[in-house]
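The values are calculated or read from the model by the stated rules, or taken from the named source; none is laboratory data. Since the model is a prediction, treat every value here as computed from it, not as a measurement. Every residue, glycine as well, gets a Cβ built from its backbone with ideal geometry; the counts of neighbours run over all protein chains shown. The area values use the complete protein model at the heavy-atom level, side chains included, leaving out ligands, DNA and RNA. Shrake-Rupley method; radii C 1.70, N 1.55, O 1.52, S 1.80 Å.
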Amino acid sequence: MIKRCLLLFLFMLAMHAGAAPVGNPKSGALLFQRCASCHAVGPFASGGYGPQLNGVVGRRAASTKDYKYSDAMKKSGLTWDEKTLSAYLRAPHDVVPGTSMRFWGIKDEQQLADVMSYLKTFKP
């Protein structure tokens, strides 16, 4: 019986260890403050130093009309699904070499999940 419980516990631990963290939009809002010098979200968002990010999840890359994108981004052919956007936020220049985004990336998985959760609260 103890052996079964131990095996079940180890199985559950292994399953949880591989699971992606659940994002917290409130924490994401605080983290997004680093992004807000270039990007805007919300009802009055528009492109500035970077494109506005309302509805970014599910949007084609380089598709907003109020921002001038780099040639690399225009040619990327990407759609910002969660997997692609997460990879980009981890390492922008690895996903789109030649991007004009000046950002080192978010390496912490929880912070990345939080920012993604926050961005998903803004519809187009």
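The figures follow:
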{"item": "For the range 39-108, accessible area per residue (1.4 Å probe, heavy atoms of protein chains only), Å²", "result": "60"}
{"item": "Whole-Å semi-axes of the ellipsoid equivalent to the range 47-124 (Cα gyration tensor, √5λ, descending)", "result": "18, 16, 11"}
{"item": "Residues whose placed amide H lies under 5 Å from that of T79, excluding near-sequence neighbours", "result": "A61"}
{"item": "Total charge dipole magnitude, the range 63-117, about the Cα centre, Cβ charges on Lys, Arg, Asp, Glu only, Debye to nearest 20", "result": "320"}
